[in-house]
Amino acid sequence: MEFDRFDIDGPVLFVPNRHRDPRGTFAETFREDEFRAAIGDVTLVQENQSISKPVNTIRGLHYQSEPHVQGKLVRVTTGEIMDIAVDIRPHSPTFGQHIKIKLSAENWYQLWIPPGFAHGFRTMRPDTTVIYKVSDYYSPENDRGIAWNDPDLQIDWELFGQQPVLSEKDRAQPALIELFSVDVARAAAAHHALAGDIGRYRASTGD
């Protein structure tokens, strides 16, 4: 298993070593020892799966609040997504900024999104299956979200004029500035505008 990091501290990209022969392909997609060596003392306790039928389905931006914050290890087994992780750690120098990377059934990438980030994705193909392990159990009382199209976040979902498919819940999520102090959110937005889009994976993703 190989891994790489991003310009924003915290998220980690895992790339399994694939072995091919005439029968097909084999890889170790998760090893707890290697995961812990890269991430630290984290235990993954629950696995979730979603299937999104339409292209341009957007799920997010989701997170859980204290005391049930979740880290997520996200992978795609069918189709392709544009995966987004937004830094919502109030004292982080990259608060309000994001990373963006394509995960697909072909590239086998897995994205670790630590606690303190809001997560969302857009499907780029029909019938896309996303599987993710989490570091705490789902807690309805701590379920939170941020508007996918919050202008302060400056996320380019690459819709190119197409309309996203959204749940009613995600259509009604609040803006970042409604969830955090006005001063923190505005400072983050200003810093983000100055920094530009550092949210792209810095190396070639080959997708």
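Name the residue that is nearest to Leu159 (Cα to Cα), counting only residues in the range 33-56 that are in a strand (DSSP E or B) and open to solvent by 90 Å² or more (accessible area, probe 1.4 Å). Break it down into steps so the answer makes sense when it comes.
Of all residues in the range 33-56, those in a strand (DSSP E or B) come to 46-52.
If we keep only those that are open to solvent by 90 Å² or more (accessible area, probe 1.4 Å) too, we end up with 47, 49, 51.
Numbers: Glu47: 29, Gln49: 24, Ile51: 20 Å.
Among residues in the range 33-56 that are in a strand (DSSP E or B) and open to solvent by 90 Å² or more (accessible area, probe 1.4 Å), the one nearest to Leu159 (Cα to Cα) is Ile51.
Specify which of the listed residues (Ile58, Ile84) is in contact with a Phe, Trp or Tyr (Cβ under 6 Å, 6 or more places away or on another chain) and closer than 15 Å to Gly120 by Cβ. Working first, answer last.
Working: Ile84 fails: in contact with a Phe, Trp or Tyr (Cβ under 6 Å, 6 or more places away or on another chain).
So the residue among Ile58, Ile84 that is in contact with a Phe, Trp or Tyr (Cβ under 6 Å, 6 or more places away or on another chain) and closer than 15 Å to Gly120 by Cβ is Ile58.
In this structure, does Gly96 turn out to be under 19 Å from Asp7 (Cα atoms) and modelled with pLDDT under 95?
On the way: under 19 Å from Asp7 (Cα atoms): yes; modelled with pLDDT under 95: yes.
So Gly96 fits the description; yes.
Among the residues of the range 70-98 satisfying the criterion of being part of a strand (DSSP E or B) and among the basic types (Lys, Arg), which is most open to solvent (accessible area, probe 1.4 Å)?
Start the filter on the range 70-98 by keeping residues that are part of a strand (DSSP E or B), which leaves 72-78, 80-87, 98.
Now drop any that are not among the basic types (Lys, Arg), which leaves 72, 75.
Details: Lys72: 21, Arg75: 59 Å².
Ranking the qualifying residues of the range 70-98, first place goes to Arg75.
I'm checking my understanding of the structure. Among residues of the range 2-32 that are in contact with a strand residue (DSSP E or B) (Cβ under 6 Å, 6 or more places away or on another chain) and assigned to a loop (DSSP other than H, G, I, E, B), which one is surrounded by the fewest Cβ atoms within 10 Å (Cβ to Cβ)?
Ranking the candidates gives Arg18 first.
Suppose we filter the range 57-69 for residues that are in a loop (DSSP other than H, G, I, E, B) and of a type in the set (Ser, Thr, Tyr); how many remain? Write out each step before concluding.
Just the residues of the range 57-69 that are in a loop (DSSP other than H, G, I, E, B), to begin with: 65-69.
Applying the additional criterion that residues be of a type in the set (Ser, Thr, Tyr) yields 65.
Residues that pass the stated criteria total 1.
Consider only pairs whose beta carbons are under 7 Å apart and that are at least six residues apart or on different chains; among these, list those whose first residue lies in the range 139-154 and is over 14 Å from Ala85 (Cα atoms) and whose second residue is open to solvent by 40 Å² or more (accessible area, probe 1.4 Å) and among the aliphatic types (A, V, I, L, M).
From residues that are over 14 Å from Ala85 (Cα atoms), the pairs are Asp152/Ile177.
Condition first: hydrophobic (A, V, I, L, M, F, W, C) and over 18 Å from Leu103 (Cα atoms). Now tell me which residues in the range 36-79 satisfy that. Outline the logic, then answer.
Going through the range 36-79, the residues hydrophobic (A, V, I, L, M, F, W, C) turn out to be 37-39, 42, 44-45, 51, 55, 58, 61, 69, 73-74, 76.
Hits for the range 36-79 are Ala37, Ala38, Ile39, Val42, Leu44, Val45, Val69.
I'd like the full set of residues that are within 16 Å of Arg59 (Cβ to Cβ), among the hydrophobic types (A, V, I, L, M, F, W, C) and open to solvent by 20 Å² or more (accessible area, probe 1.4 Å), limited to the range 108-158. First the steps, then the outcome.
Keep residues of the range 108-158 that are within 16 Å of Arg59 (Cβ to Cβ), which gives 111, 113, 117-132, 134, 138, 143-150, 153, 155, 157-158.
Add one more test, that the residue is among the hydrophobic types (A, V, I, L, M, F, W, C), and what stays is 111, 113, 117-118, 121, 124, 130-131, 134, 146-148, 153, 155, 157.
Scanning the range 108-158 gives Met124, Ile131, Trp148, Ile155.
Could you tell me whether any residue of the range 178-190 is closer than 14 Å to Leu61 by Cβ, open to solvent by 60 Å² or more (accessible area, probe 1.4 Å) and at pLDDT 95 or above?
No, the range 178-190 contains no residue that is closer than 14 Å to Leu61 by Cβ, open to solvent by 60 Å² or more (accessible area, probe 1.4 Å) and at pLDDT 95 or above.
The values are calculated or read from the model by the stated rules, or taken from the named source; none is laboratory data. Computed from a predicted structure; not experimentally measured. Note: ideal-geometry Cβ built from the backbone for every residue, glycine included; neighbour counts use all protein chains shown. Only protein heavy atoms, including side chains, enter the accessible area calculation; ligands, DNA and RNA are left aside. Shrake-Rupley method; radii C 1.70, N 1.55, O 1.52, S 1.80 Å.
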